[in-house]
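*Asks:* Pasting a structure here, questions to come.
The values are calculated or read from the model by the stated rules, or taken from the named source; none is laboratory data. In this text, all values refer to a predicted model and were calculated from it rather than measured experimentally. Note: ideal-geometry Cβ built from the backbone for every residue, glycine included; neighbour counts use all protein chains shown.
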Amino acid sequence: MTQPVPSAGSGQVRSRIAPLGGLRKRYVDFAIAVGVLILVLPLLLMIALAIKLSMGGPVIYRHRRIGCYGREFDCLKFRTMVTNADAVLEALLRTDPAAAAEWRRTQKLVRDPRITWIGRTLRRTSLDELPQIFNVLRGDMSCVGPRPIVRAELIRYGAHGDLFQSVRPGMTGLWQVSGRNSLAYEDRVMLDCQYVKDWSVWSDLKILIRTIPAVLNTRQTC
């Protein structure tokens, strides 16, 4: 059920998240990202090779997203779509009213013709997002935070846009462990804002712990 989005002044949020919480959060992010990278580096290389051999073209997909204080950055993912994905989406939305309505409502498609067979596996297991470890190391993203969004989506946050832009977006977050793709967009906005207002190191750790069963549950229901 859609709930009212909590609000807070950007000054209040900046005093909570940056520089105080932001500095502690950055240290924790860096330590976790280095540890995870060491563990998953062989997996990263195997996935990259599988994409290159099966699909050709680029292995990494770069998409401009909104970062802390509105700065844009290249959000990294393993490529899961055909190379002409934008043209495929444009044609589908122009000819399929149901798909167009679904896209306007959620910015996602349950049956997305752009996604390749290996891409479906990567998305179902969230392995497509592993390259975002490098975004965390560079300081573009956090291990935990709001969803990284494109600038066009910012209007859907309304008066809470400043709240969203006061922290780094995360590889995982409150919305990922609270229903993920089953949530309406308004609920995702509410959860992003709730995360920022209630932030603490402990809340980040709890979300990280909840992420693994949330991903496994997503795999079982796909």
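*Asks:* From the set of residues in region 149-169 that are over 18 Å from residue 186 (Cβ atoms) and touching a strand residue (DSSP E or B) at 6+ places or on another chain (Cβ under 8 Å), which is modelled with the lowest pLDDT?
*Replies:* Applying the filter and picking the extreme gives 165.
*Asks:* Now, a different point. Only one of (1) among the polar types (S, T, N, Q); (2) at pLDDT 90 or above; (3) out of contact with any helix residue (DSSP H, G or I) (no Cβ under 8 Å at 6 or more places or on another chain) is not met by residue 182, so which one is it?
*Replies:* (2)
*Asks:* Of everything in region 147-170, what is within 10 Å of residue 70 (Cα to Cα) and either in contact with a Pro (Cβ under 8 Å, 6 or more places away or on another chain) or among the aromatic types (Phe, Trp, Tyr) (or both)? Give them in sequence order.
*Replies:* 164, 167
*Asks:* Restricting to region 104-131, what's the tally of residues that are of a type outside the set (D, E, K, R), within 15 Å of residue 176 (Cα to Cα) and touching a strand residue (DSSP E or B) at 6+ places or on another chain (Cβ under 6 Å)?
*Replies:* Of the residues in that region, 0 qualify.
*Asks:* Could you please find all residues in region 200-216 being over 16 Å from residue 171 (Cβ atoms) and either within 15 Å of the chain's Cα centre (by Cα) or not in a helix (DSSP H, G or I) (or both)?
*Replies:* Passing the criteria: only 200.
*Asks:* Separate question: Going by what's in this entry, would residue 81 be described as surrounded by 18 or more Cβ atoms within 10 Å (Cβ to Cβ), out of contact with any His (no Cβ under 9 Å at 6 or more places or on another chain), over 21 Å from residue 190 (Cβ atoms) and modelled with pLDDT of 90 or more?
*Replies:* Yes.
*Asks:* Can you tell me which residue within region 29-76, out of those that are touching a residue at least 12 places away in the same chain (Cβ under 8 Å) and charged (D, E, K, R), is farthest from residue 155 (Cα to Cα)?
*Replies:* 29
*Asks:* Residue 211 fails exactly one of the following numbered conditions: (1) of a type in the set (Ser, Thr, Tyr); (2) touching a helix residue (DSSP H, G or I) at 6+ places or on another chain (Cβ under 9 Å); (3) within 20 Å of residue 25 (Cα to Cα). What is the number of that condition?
*Replies:* Looking at each condition in turn, residue 211 falls short on (2).
*Asks:* Suppose the filter is over 28 Å from residue 35 (Cβ atoms), part of a helix (DSSP H, G or I) and in contact (Cβ under 8 Å) with a residue 12 or more places away in the chain; does residue 191 pass it?
*Replies:* Criteria not met by residue 191.
*Asks:* What's the total number of residues in region 181-190 that are surrounded by 22 or more Cβ atoms within 10 Å (Cβ to Cβ) and either touching a Leu at 6+ places or on another chain (Cβ under 8 Å) or charged (D, E, K, R) (or both)?
*Replies:* Final tally of qualifying residues: 1.
*Asks:* With 142, 178 as the choices, which residue is surrounded by fewer than 20 Cβ atoms within 10 Å (Cβ to Cβ), among the hydroxyl-bearing types (Ser, Thr, Tyr) and touching a residue at least 12 places away in the same chain (Cβ under 8 Å)?
*Replies:* Just a single option satisfies the conditions, and that option is 178.
*Asks:* Related question: So, in region 52-64, how many residues would count as being at pLDDT 90 or above and not in a helix (DSSP H, G or I)?
*Replies:* So the answer is 7.
*Asks:* Quick one: in region 119-139, of everything that is without any contact (Cβ under 8 Å) to a residue 60 or more places away in the chain and of a type in the set (S, T, N, Q), which residue is surrounded by the most Cβ atoms within 10 Å (Cβ to Cβ)?
*Replies:* Selected residue: 132.
*Asks:* Run down 93, 109, 20 and say which single residue is modelled with pLDDT of 90 or more and either of a type in the set (A, V, I, L, M, F, W, C) or surrounded by 12 or more Cβ atoms within 10 Å (Cβ to Cβ) (or both).
*Replies:* 93
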